[in-house]
1. Can you give the FRET efficiency for Glu42 and Ser108, using 1/(1 + (r/R0)^6), R0 = 22 Å, r = Cβ-Cβ distance, to the nearest 0.05?
2. For region 59-65, what does the Karplus curve 6.51 cos²θ - 1.76 cosθ + 1.60, with θ = phi - 60°, yield as ³J(HN,Hα) per residue in whole Hz, taken in order and with x for Gly and Pro?
3. Treat each spin label as a single point 7 Å out from the Cα along the C-beta direction, and report the Lys8 to Glu20 distance in nm.
4. Using a 1.4 angstrom probe, figure out how much accessible area the chain has per residue, in square angstrom, rounded to the nearest whole.
5. Can you give me the angle between helix 129-139 and the longest principal axis of the chain, using Cα atoms only, in degrees from 0 to 90, rounded to the nearest 10?
6. Largest first and to the nearest Å, give the Cα extent of the chain along each principal axis.
7. Express in Å², to the nearest 10, the accessible area of Ser31 obtained by rolling a 1.4 Å probe over the protein heavy atoms while all chains stay in place.
8. Among 9-21, 94-106, 55-67, 112-124, what's the highest-first ranking by average C-beta atoms within 10 angstrom per residue?
Amino acid sequence: MAQLDQAKAWGRRMAPSLEEIESLALDAYASLPPEFRALSGEIRFHVADFPDDEVVEAMNLESPFDILGLFEGRPVAAMAVSSTGEMPNRILLYRRPILDYWAEHEESLGTLVAHVLIHEIGHHFGLSDDDMEALEAQAD
């Protein structure tokens, strides 16, 4: 009976919106250790259905489904030098590729969004995969 109720509940659900994916990202970010968040400086989150054509071309992607997220910002080494007119760091999350990946793997959507978020920040700042795994464990 419980399985039937769960199936009925899924029958009424819609795919998560851009705002719901952003909310998952904000929750994941808030659960990270303060010292990790400090690495990012002021950061914004932006969720789009797909990367724009310039990102697809610049990264030589075969498909816009080939990227789940992207960190745009200033490298840590460059942060000591001030610059005017610069936008804050931001993480772009791509809803449709994330949902496609989620549908094909056995992890919760929140866990997946946290993974993408941590890896985008981590790779940008040169963290090892072990460092990022430890951060993901703290975010669970």
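1. Working: r = 29 Å, r/R0 = 1.30.
With R0 = 22 Å, the Cβ-Cβ based efficiency is 0.15.
2. Per-residue couplings from phi come out as 9, 6, 7, 6, 8, x, 7 Hz.
3. If labels sit at Lys8 and Glu20, their model points lie 2.0 nm apart.
4. Here the per-residue accessible area is 63 Å².
5. In the chain, helix 129-139 runs at an angle near 60 degrees to the longest axis.
6. Per principal axis, max minus min of the Cα coordinates gives 62, 34, 26 Å.
7. 50 Å²
8. Averaged packing, sorted descending, gives the order 112-124, 94-106, 55-67, 9-21.
The values are calculated or read from the model by the stated rules, or taken from the named source; none is laboratory data. What you are looking at is a predicted structure, and each value in this text was computed from that prediction instead of being measured. Cβ: placed from backbone, ideal geometry, glycine included. Neighbour counts: every protein chain shown. Quick note on the areas: whole protein, heavy atoms, side chains included, nothing else; ligands and nucleic acids left out. Shrake-Rupley method; radii C 1.70, N 1.55, O 1.52, S 1.80 Å.
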